[in-house]
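Asker: Got a structure for you, questions after.
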Amino acid sequence: MFLYIVRHAWAGERGDPRWPDDSLRELTPEGIDRFAKVIKAISSRGFKPERIATSPYTRCRQTAEIISRNVSGKPKIEDLEALEPGSELEPLLEWSRNKGEANTCWVGHSPDVERLAAEIIGDGTARIRFAKGEIAALSFEADITTGAGELNWLATARSLGI
């Protein structure tokens with residue numbers, strides 16, 4: 001079973017007066033295009049989430065929609081407050097466990113995605129840097145639990161030549 005952790009794709013700048021409410025900040029047109037290319041590239045290499053949980057913030061929801069549109073099965077997207085900035089791991093683990101054994105994708109924010117990934121694969125003191133639009137694939141032999149994940153790969157637009 002895989003858990004994919006995704007940092008939202010390239011969005012407008014924080015503090016832009018077009019989005020006085022930061023939760024409404026959108027992906028840029030270039031960010032949408034670039035991230036779609038990333039997803040198409042890794043989908044052809046086995047990236048196959050069967051369900052997607054996302055922060056309800058606009059930029060994360062748009063990122064999740066790009067994933068859903070460009071992978072086989074067009075997985076359903078569920079907004080989870082637990083993925084808003086300041087994410088806590090336990091509610092996400094509980095949500096994932098309650099959905100059965102299926103490849104799952106979480107779409108969230110930095111620095112939360114870095115911390116969540118580190119807690120899942122280690123003792124919580126490690127750090128993994130996530131660029132915008134980066135995806136980590138973690139595998140589990142059994143339940144998704146703290147410290148039980150194994151990092152299989154990280155993909156960035158740059159590493160894919162996009």
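Where a number appears in this text, it was derived from the coordinates with a stated rule and is not lab data. These numbers come from a predicted model, not from an experiment. A quick note on method: Cβ atoms are made from the backbone with ideal geometry, for glycine too, and the neighbour counts reach across all protein chains shown.
Asker: Just need the relative contact order of the range 57-108 here, percent rounded to a whole number, with Cα pairs under 8 Å and 6+ apart.
Answerer: Computed over the range 57-108, the figure is 41 percent.
Asker: Scan (i) 45, 33, 23; (ii) 63, 36, 26; (iii) 45, 33, 28 for the value of Cα extents along the principal axes in Å calculated from this model and give just the label.
Answerer: Correct label, based on the coordinates given: (iii).
Asker: For the pair Thr145 and Ala126, how long in nm is the line joining their label points, each one 7 Å along Cα→Cβ?
Answerer: Calculated label separation equals 1.8 nm.
Asker: Strictly over 18 Å apart at the Cα level, which of Lys99/Lys132; Lys48/Lys76; Lys37/Lys74; Lys37/Lys76 would you flag in this model?
Answerer: Distance filter (> 18 Å) returns Lys99/Lys132; Lys37/Lys76.
Asker: Any idea what angle helix 58-70 forms with the longest principal axis of the chain, computed on alpha-carbon atoms, 0 to 90 degrees, nearest 10?
Answerer: Tilt relative to the chain: about 70 degrees.
Asker: Express in whole angstrom the spacing between the alpha-carbon centres of the range 10-64 and the range 105-151.
Answerer: 18 Å
Asker: What does the C-alpha gyration tensor say about the overall shape of the range 1-90? Classify as rounded when a/c is under 1.5, otherwise prolate if a/b is larger than b/c, or oblate.
Answerer: Oblate, because a/c is 1.5 or more while a/b does not exceed b/c.
Asker: On C-alpha positions alone, give me the angle between the axis of helix 112-121 and the longest principal axis of the chain, in degrees, nearest 10.
Answerer: Taking the Cα atoms of the chain, the angle to 112-121 is about 20 degrees.
Asker: Of the residues Ile66, Ile128, Ile32, which exhibits the maximal mean-square fluctuation in a Gaussian network model of the chain defined by a 10 Å Cα contact cut-off?
Answerer: Ile128
Asker: Considering Cα pairs under 8 angstrom that are at least six residues apart, work out the relative contact order of the chain and quote it in whole percent.
Answerer: Relative contact order here is 31 percent.
Asker: Pairing the Cα long axis of helix 29-43 with the longest principal axis of the chain, what angle in degrees results, from 0 to 90 and rounded to the nearest 10?
Answerer: It is inclined by approximately 30 degrees.
Asker: Can you tell me which of 133-144, 101-112 comes out highest on packing, and rank the rest after it, using the mean Cβ neighbours within 10 Å?
Answerer: The packing order, highest mean first, is 101-112, 133-144.
Asker: Further, regarding this structure: Report, in cubic angstrom per residue, the convex hull volume of the C-alpha atoms of the range 87-162.
Answerer: 90 Å³
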